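Here, each number is a calculation from the coordinates, and none is a lab measurement. The structure presented is a predicted model; accordingly, all values stated were derived computationally and were not measured. A quick note on method: Cβ atoms are made from the backbone with ideal geometry, for glycine too, and the neighbour counts reach across all protein chains shown.
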Amino acid sequence: MSQEIIKTRIEGELAYIALNRPEKRNAVSGAMLEALPRALAEVDRADVRAIILYGEGEVFSAGIDFKSLTADTGAQSGAGGGPDLARFRHFVGESQAALNRLETIEKPVIGAIHGYAGGLGLEIALACDARVVAKGTRMGMPEVRVGLVPDVGGTARLTRTVGYARAKELIMTARMIDAEEAERIGLANRVVEPGAHIRGAEELAREIARNAPVAVGLAKRIIDRGHGLDKMTFMELEILAQSSLLTTEDFREGARALAERRDPKFKGR
């Protein structure tokens, strides 16, 4: 199991992935982004029904580690001391791939957010399927304050999550918002008391985990892939997924359980 900048553990049907640089407020380094897909691979098991992603220490994540940005991206290593743009593009592409892996894993991922989630930290949270946020948390995209834009899926995912107008406002003002406003605009799924973010994420994860895991995974993929498609293509994805699910043991078990008025026992196949 990972024991350094990304920690993992499995407890029953739930897996936990922790950002583990509390002394750096979980500032995201290149090494952390490289470790994230490995952590996901560790917990991508048939017995795991949902994943909780959280940050150790006082905050979820302070965002990009600027020392890492300089060292890992070639931001000041090109000719004449300028940026090595090819190396930078490679770094950003690899960073996007790491978060894409988080988004596309066929298990529900619940972000347990507390303290602060800014910049790349919020981009990681946005790659989760849902966000449970503790009161007192500050969330936002401050990149334009330093002359940059959110580039690890931030503009795309924030727009898909809260809509064009609010995404433009949050990104272009660099304003940090509280948990209650995040819930009001759809950035947070649930707001909980301070210190209850992991417990709140567990409650949501277990609620999802009661359902057929193959169906949950395909529903996730339909929503993610279908967003932005025309209505008829989106609906075609539903047909294709449903025709596959009709052949599963879980569907037969679910139908029997419904007829027998009992809780189903899904096996994920």
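Taking 1 over the mean of 1/r across every pair of different Cα atoms in the stretch 213-260, what Kirkwood radius in Å do you get?
About 11.6 Å for the stretch 213-260.
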Worksheet entry | Most to least packed among 114-127, 215-228 [average Cβ atoms within 10 Å] | 114-127, 215-228
Worksheet entry | Shape category assigned to the stretch 40-190 from the gyration tensor of Cα positions, a/c cut at 1.5 | oblate
Worksheet item: For the peptides 243-255, 135-147, what is the packing order when you average, over each peptide's residues, the other Cβ atoms within 10 Å and list the highest mean first?
Response: 135-147, 243-255
Response to the item:
So the angle from the long Cα axis of helix 213-226 to the longest Cα principal axis of the chain, reported in degrees to the nearest 10, equals 50 degrees
Item to complete: Taking the Cα centre of the chain as origin, sum charge times position over the Cβ atoms of Lys and Arg (+1) and Asp and Glu (-1), and report the length of that vector in debye to the nearest 20.
Response: 260 debye
Item to complete: Could you work out, for the chain, what percent of all Cα-Cα pairs fall into each 10 Å distance bin, beginning at 0 Å and stopping at the bin that holds the largest distance?
Response: 7, 28, 34, 21, 8, 2, 0, 0
Worksheet, complete the sentence: For the stretch 87-166, whose charge dipole is built from +1 on Lys and Arg Cβ atoms and -1 on Asp and Glu Cβ atoms, the candidate among Leu99, Thr137, Ala156 with its Cα farthest towards the positive end is Thr137
Worksheet entry | Set Lys168/Lys220; Lys220/Lys265; Lys135/Lys220 screened for pairs whose C-alpha atoms are more than 23 Å apart | Lys168/Lys220; Lys135/Lys220
Worksheet item: Expressed as a fraction of 2.2 N^0.38 Å, the rule-of-thumb size for a compact globular protein of N residues, what is the C-alpha radius of gyration of the stretch 158-269?
Response: 1.40
Worksheet item: Between Glu238 and Glu203, what FRET efficiency follows from the Cβ-Cβ distance if R0 is 35 Å, with the result rounded to 0.05?
Response: 0.80
Practice prompt. Tell me which residues come under 5 Å, amide H to amide H, from Tyr116 once H is placed; ignore anything under 5 positions away on its chain.
Written response: Phe60, Ser61, Arg138
Worksheet item: If one takes the longest principal axis of the Cα atoms in the chain, at what angle in degrees, from 0 to 90 and to the nearest 10, does the Cα axis of helix 164-173 lie?
Response: 30 degrees
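What number comes out for the charge environment of Ala27, summing +1 per Lys or Arg and -1 per Asp or Glu over other residues with Cβ under 9 Å away?
On the way: positive: Arg21, Lys24, Arg25, Lys67; negative: Asp65.
Around Ala27, the surrounding residues sum to +3.
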Discussion item. Quick check on the stretch 193-236: take the gyration tensor over C-alpha atoms, sort the square-rooted eigenvalues as a ≥ b ≥ c, and tell me if it's rounded (a/c under 1.5), prolate or oblate.
Written reply: oblate
Response to the item:
With Cα coordinates, the longest principal axis of the chain makes an angle with the long axis of helix 249-260, in degrees rounded to 10, of 50 degrees
